[in-house]
Number of protein chains: 2
Amino acid sequence: MEEIKLFCAATIANISCGFDVLGLALDNVGDEMIVRKVSQKGVKIVKIIGQDLPLETHKNVAGVAAMALLSKIDTDFGFEIEIYKNIKPGSGIGSSAASSAGAVYGINELLGRPFSNHDLIEFAMQGERLASGVAHADNVAPALLGGFTLVRSTAPLDVLKIHTPKELYATVIHPQIEVKTSDAREILRSSVPLKTAIKQWGNIGALISGLYTEDYHLIGRSLEDYIVEPIRSILIPAFDSVKTESIKAGALGAGISGSGPSIFALSHGAQNASQVASAMKKVYDKVGIAYDVHVSKINTEGIKKLQF
Amino acid sequence: MEEIKLFCAATIANISCGFDVLGLALDNVGDEMIVRKVSQKGVKIVKIIGQDLPLETHKNVAGVAAMALLSKIDTDFGFEIEIYKNIKPGSGIGSSAASSAGAVYGINELLGRPFSNHDLIEFAMQGERLASGVAHADNVAPALLGGFTLVRSTAPLDVLKIHTPKELYATVIHPQIEVKTSDAREILRSSVPLKTAIKQWGNIGALISGLYTEDYHLIGRSLEDYIVEPIRSILIPAFDSVKTESIKAGALGAGISGSGPSIFALSHGAQNASQVASAMKKVYDKVGIAYDVHVSKINTEGIKKLQF
């Protein structure tokens, strides 16, 4: 195999009570990427379509992730990467993670899979470090593994794939405003009341249980975040209305995607997820904020190989 | 049915990262109780064997729990209760919960089950309020439902039964020292660093996942408590040695049972759990502290009906 074409999924991280640990991959929202074996050693980003992002390898998340992989293996050839961006940077649905994950996945395939998916997460995290200053796995893990992923521990890295209920759908609305990840991080308090933390871990435990037992009501009841959402939602216009209207329209629950500004909702069934999309749009239509909306089932595969 | 004889299981609450939310029931450690329909209204504790506990209904946890149930239903008869205590009060394996749970379970059976198990938890919690000042569900939930239980929320009460891996065994050692629940509570800090809380909820999510997938190694890796154990273990002599030796002997993990002083370990298989018991005993033999030790599979039924 000399080249490979990939679908690199958008992802939702920080799923409510699963702040910093729980993410999921979307099925029909993502970038495309071509990774090609070339005789010249190293990694070259030869084309980026759809966004104005740096082509220099060391300034591009895909390049940095790819180089992290190549630093662990000897090859007498190199790789070219073409990126077709559909995910907007700064939207809160894992734009940088899709590129980092795609690059390491593609190179690993072309090398005959010397590395496990778990190894690939660690390489892709180096792209995240470039993007946000922190080598977090919240988005690259679901991008690579698909489904719901739980980061049990970052050092040492320990990531689990969690069962995905068959009829679970996500709705995501991206209001066209900017929330800087650094602002979203700085606004957080460094400590939390023990009582609130206990509520949070009761909810994350219950959410994981609901995913395994496909108990949609339980999933809904567990989608609560008493710690981060009350603070970060201040940065997102009309967050409370979007959430309330989503739940009125039938969503199981809703919350901030990543560090925002995108807002996600989970629903039982595609029809419900579409109704939720309509309800979300109505809120931003009223306040006059432009948006993108996505309705997607959960992607249980992660990166997908595409036909040329 | 005029009377019923019950096995009321001992329970482990505060399972490591599941502090205040996750508990389990033991299979071969517990009290026996006889509940009998009598013509006189109300609840009378007629016999307590094995421990010196108050017979007055309003001073006895079984009496208080039973009265909480009877306050919700009209009957023109009453109940007598005989309690055969095997679980030592103050041991940290749910002595009061066994009595509270048994009383409400027995009465509900004799009444033809007008209440759900979830209702019974709320009544039994009133016994816990008498015992410790707080109407917590951590022990009464597994005592009534069996298996692992997760208290997602206390107000409103929302308790889940979690899948129990078939070959999971518990070892419990009860050093004969007193740790007051009130002391164990006061020693806790009222707030925790966000970073530590995130570790905790990564672990509880992973532990729940490990229980559903019967992944014993994952269960072991997830049995970490960075918040409560480091503080409370100071109150338990030789805690660190007992834990370390348990894990050396093959335990998946170990922690404080309830608010102590009992220490529990979970193991894959009965033989391993017995080896862990030997390792625990050795530690207390060396420091000269008397103890009780229990090795038990996880009880997935909860309260059991016994033959007379």
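The values are calculated or read from the model by the stated rules, or taken from the named source; none is laboratory data. Note that the structure is predicted; figures quoted are calculated from it, not measured. Because the Cβ atoms are built from the backbone with ideal geometry, glycine has one as well, and the counts that use them run over all protein chains shown.
Under the condition of being buried (at least 21 other Cβ atoms within 10 Å of the Cβ) and either free of Cβ contacts under 8 Å to residues at least 24 places away in the same chain or touching a helix residue (DSSP H, G or I) at 6+ places or on another chain (Cβ under 8 Å) (or both), the residues counted in the stretch A:259-283 number 11.
Of the residues contained in the stretch A:170-189, none is found to be more than 22 Å from B:L22 (Cβ to Cβ), among the small types (G, A, S) and without any contact (Cβ under 8 Å) to a residue 12 or more places away in the chain. Within the stretch A:64-89, the set of residues being among the small types (G, A, S) and surrounded by 14 or more Cβ atoms within 10 Å (Cβ to Cβ) comprises A:A65, A:A66, A:A68, A:G78. Report whether or not B:A9 is within 16 Å of B:P89 (Cβ to Cβ) and touching a residue at least 60 places away in the same chain (Cβ under 8 Å). The answer is yes for B:A9. Restricting the stretch B:144-161 to residues that are touching a residue at least 60 places away in the same chain (Cβ under 8 Å) and of a type outside the set (F, W, Y), which is farthest from the other protein chains (Cβ to nearest Cβ)? It comes out as B:L144.
Residue-level analysis places A:A66 outside the set of residues that are within 28 Å of A:T171 (Cα to Cα) and of a type outside the set (V, I, T). Being within 17 Å of A:K59 (Cα to Cα) and in a strand (DSSP E or B) is a property that A:E82 has. Against the numbered list (1) without any contact (Cβ under 8 Å) to a residue 12 or more places away in the chain; (2) touching a strand residue (DSSP E or B) at 6+ places or on another chain (Cβ under 7 Å), A:G23 comes up short only at (1). Can you say whether B:L194 is within 9 Å of chain A (Cβ to nearest Cβ) and over 23 Å from the mean Cα position of the chain (by Cα), as far as the supplied structure shows? Answer is yes for this residue.
Residues that are among the hydroxyl-bearing types (S, T, Y) and within 14 Å of B:C17 (Cα to Cα) within the stretch B:235-261 comprise B:S257, B:S259, listed in sequence order. When A:E245, A:E178, A:E224 are checked against the criterion of being acidic (D, E) and surrounded by fewer than 17 Cβ atoms within 10 Å (Cβ to Cβ), a single residue qualifies: A:E178. Could you look through the stretch A:218-234, keep only residues that are within 13 Å of A:C17 (Cα to Cα) and out of contact with any helix residue (DSSP H, G or I) (no Cβ under 6 Å at 6 or more places or on another chain), and pick out the one that is nearest to the other protein chains (Cβ to nearest Cβ)? Selected residue: A:R221.
Checking each residue in the stretch A:240-269 for being of a type in the set (A, V, I, L, M) and more than 21 Å from the chain's Cα centre (by Cα) picks out A:I247, A:A249. If we keep just the residues of the stretch A:196-221 that are within 14 Å of A:H268 (Cβ to Cβ) and of a type in the set (V, I, T), which is surrounded by the most Cβ atoms within 10 Å (Cβ to Cβ)? Step by step, filter the stretch A:196-221, then rank; the result is A:I219. Put simply, of A:S182, A:S233 the only residue that is assigned to a helix (DSSP H, G or I) and within 21 Å of A:D292 (Cβ to Cβ) is A:S233. In summary, B:S91 fulfils each of the numbered conditions (1) within 14 Å of another protein chain (Cβ to nearest Cβ); (2) modelled with pLDDT under 95 with the single exception of condition (1).
Residues checked against (1) in contact (Cβ under 8 Å) with a residue 60 or more places away in the chain; (2) acidic (D, E); (3) closer than 25 Å to B:N86 by Cα; (4) assigned by TED's automatic domain parsing to the domain that holds B:I73:
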{"residue": "B:V104", "(1), (2), (3), (4)": "no, no, yes, yes"}
{"residue": "B:S116", "(1), (2), (3), (4)": "no, no, no, yes"}
{"residue": "B:L120", "(1), (2), (3), (4)": "no, no, yes, yes"}
{"residue": "B:G127", "(1), (2), (3), (4)": "yes, no, yes, yes"}
{"residue": "B:A135", "(1), (2), (3), (4)": "no, no, yes, yes"}
{"residue": "B:Q200", "(1), (2), (3), (4)": "yes, no, no, no"}
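Residues that are modelled with pLDDT of 95 or more, in contact with a helix residue (DSSP H, G or I) (Cβ under 7 Å, 6 or more places away or on another chain), part of a strand (DSSP E or B) and of a type outside the set (A, V, I, L, M): does the stretch A:110-117 have at least one? Checked the stretch A:110-117: no residue is modelled with pLDDT of 95 or more, in contact with a helix residue (DSSP H, G or I) (Cβ under 7 Å, 6 or more places away or on another chain), part of a strand (DSSP E or B) and of a type outside the set (A, V, I, L, M).
Among the residues making up the stretch B:101-119, those that are aliphatic (A, V, I, L, M) and over 18 Å from B:A10 (Cβ atoms) are B:I107, B:L110, B:L111. Could you grab me the full set of residues in the stretch A:200-217 that are part of a helix (DSSP H, G or I) and more than 7 Å from chain B (Cβ to nearest Cβ)? Selection gives A:L207, A:G210, A:L211, A:T213, A:Y216, A:H217. Could you run through the stretch A:17-32 and say how many residues are within 11 Å of another protein chain (Cβ to nearest Cβ) and over 16 Å from A:I298 (Cα atoms)? The qualifying residues number 5. Of all residues in the stretch A:242-253, those satisfying the criterion of being closer than 24 Å to A:T196 by Cβ and either touching a residue at least 40 places away in the same chain (Cβ under 8 Å) or assigned to a loop (DSSP other than H, G, I, E, B) (or both) are A:V242, A:S246, A:A251, A:L252, A:G253. Applying the set (1) buried (at least 21 other Cβ atoms within 10 Å of the Cβ); (2) in contact with an Asp or Glu (Cβ under 8 Å, 6 or more places away or on another chain); (3) within 14 Å of another protein chain (Cβ to nearest Cβ) to A:A184 leaves exactly one unmet item: (2).
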